[in-house]
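Undergrad: Sharing a structure here in structure tokens format.
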Amino acid sequence: MKTRSNAYRVSLLALFIAIVIIQTVVPFLGYIPVGPFSIVTIQATTVIASVTIGTKEGTIVGLVWGLTDWIRAFAWPTSPLAVYVLVNPLVSVVPRVLVGLIAGWLFYWLARRGTKTWHLALTGVVGALVNTIFVLGFMALLYQFHMVPLAKLNIAKLMPWLLGVMATNGIPEAIMSGILVPIIGQPLRHLMERIS
């Protein structure tokens, strides 16, 4: 039975990785354009991976998301700002890894005495906020240290846009994740419990 459970976990991990790659490559699946920016839906997939198959697997899914996003910044950027910021792995890869890691840690800490729907919803919200806060935080950090290519940007003119991203993108992303993670994650968790 343990072999079957491990095979199922590996299959699920492969499925989540495939979904993240498809969401990154296919227009309007993982990045919904809104003006010069995009609303990201991939963090929900990463959080669902963390809460259903484990923190380590969710972190791997986050890493794949970050790497595909980094490659995409060079090949076909999701926004005009992406060519300046997402070409740096600190901005494109690290926050996505942290989404899987922090979401997994939070969920398993909340669910020590049993899983409730609000645990999944809160984990979804936090996962989305981790992505937004760390992407924008690393952008600000890189700018402070005059790291190329961010040093070429006028941060005074860019700051209203970045605050706009937090309001117009970060909040809808958090709400969406808070809804999707319990809806999709709960049945997958029940399935995993039956198999293991």
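The values are calculated or read from the model by the stated rules, or taken from the named source; none is laboratory data. Computed from a predicted model, the values in this text were never measured in an experiment. Because the Cβ atoms are built from the backbone with ideal geometry, glycine has one as well, and the counts that use them run over all protein chains shown. The protein model used for the area step is the full one, side chains on, heavy atoms only, and it has no ligands, DNA or RNA in it. Shrake-Rupley method; radii C 1.70, N 1.55, O 1.52, S 1.80 Å.
Undergrad: Just to be sure I understand, how many residues within the stretch 36-88 are without any contact (Cβ under 8 Å) to a residue 12 or more places away in the chain and touching a Ser or Thr at 6+ places or on another chain (Cβ under 9 Å)?
TA: The number of residues fulfilling the criteria is 2.
Undergrad: Another question about this same structure. Just wondering, is there one or more residues in the stretch 72-88 that are within 11 Å of the chain's Cα centre (by Cα) and in a helix (DSSP H, G or I)? Quick ask: steps written out before the conclusion?
TA: As a first pass, look at the stretch 72-88 and keep what is within 11 Å of the chain's Cα centre (by Cα): none.
Within the stretch 72-88, not a single residue is within 11 Å of the chain's Cα centre (by Cα) and in a helix (DSSP H, G or I).
Undergrad: On to the next question. Return the pairs, sorted by first residue and then second, in which the second residue is exposed (fewer than 15 other Cβ atoms within 10 Å of the Cβ) and hydroxyl-bearing (S, T, Y), the first residue lies in the stretch 8-21 and is in contact (Cβ under 8 Å) with a residue 40 or more places away in the chain and part of a helix (DSSP H, G or I), the beta carbons are less than 9 Å apart, and the residues are 6+ apart or on different chains.
TA: Taking only residues 6 or more apart or on different chains, the pairs are Y8/S196; R9/S196.
Undergrad: Mind listing whichever residues of the stretch 46-71 are under 14 Å from the mean Cα position of the chain (by Cα) and open to solvent by 20 Å² or more (accessible area, probe 1.4 Å)? First the steps, then the outcome.
TA: At the first step, the residues of the stretch 46-71 found to be under 14 Å from the mean Cα position of the chain (by Cα) are 46-51, 55, 57-70.
Once the filter is applied, which keeps residues that are under 14 Å from the mean Cα position of the chain (by Cα) and open to solvent by 20 Å² or more (accessible area, probe 1.4 Å), the stretch 46-71 yields T55, E57, T59, I60, L63, V64, L67, T68, W70.
Undergrad: Only one of (1) surrounded by fewer than 21 Cβ atoms within 10 Å (Cβ to Cβ); (2) under 16 Å from L13 (Cβ atoms) is not met by P27, so which one is it?
TA: (2)
Undergrad: Applying the selection to the stretch 24-47, what residues are outside any loop (DSSP other than H, G, I, E, B) and over 19 Å from F134 (Cβ atoms)? So that I can check it myself, show each step before the final result.
TA: First, pick out the residues of the stretch 24-47 that are outside any loop (DSSP other than H, G, I, E, B): 24-25, 31-34, 37-40, 42-47.
V25, I32, P33, V34, listed by residue number.
Undergrad: Restricting to the stretch 96-117, name every residue that is free of Cβ contacts under 8 Å to residues at least 60 places away in the same chain, surrounded by fewer than 22 Cβ atoms within 10 Å (Cβ to Cβ) and either closer than 12 Å to G185 by Cβ or of a type in the set (D, E, K, R) (or both).
TA: Those that are free of Cβ contacts under 8 Å to residues at least 60 places away in the same chain, surrounded by fewer than 22 Cβ atoms within 10 Å (Cβ to Cβ) and either closer than 12 Å to G185 by Cβ or of a type in the set (D, E, K, R) (or both): A111, R112, R113, K116.
Undergrad: Would you tally the residues in the stretch 16-40 being at pLDDT 90 or above and among the polar types (S, T, N, Q)?
TA: Adding up the residues that qualify gives 1.
Undergrad: Across the stretch 118-136, what is the total count of residues that are open to solvent by less than 50 Å² (accessible area, probe 1.4 Å), modelled with pLDDT of 85 or more and either in contact with a His (Cβ under 7 Å, 6 or more places away or on another chain) or not polar (S, T, N, Q) (or both)? Reasoning before the result, please.
TA: Taking the stretch 118-136 as the starting set, the residues that turn out to be open to solvent by less than 50 Å² (accessible area, probe 1.4 Å) are 119-121, 123-128, 130-132, 135-136.
Still in the list and also modelled with pLDDT of 85 or more: 119-121, 123-128, 130-132, 135.
Now drop any that are not either in contact with a His (Cβ under 7 Å, 6 or more places away or on another chain) or not polar (S, T, N, Q) (or both), which leaves 119-121, 124-128, 130, 135.
Going through the stretch 118-136 one residue at a time, the tally reaches 10.
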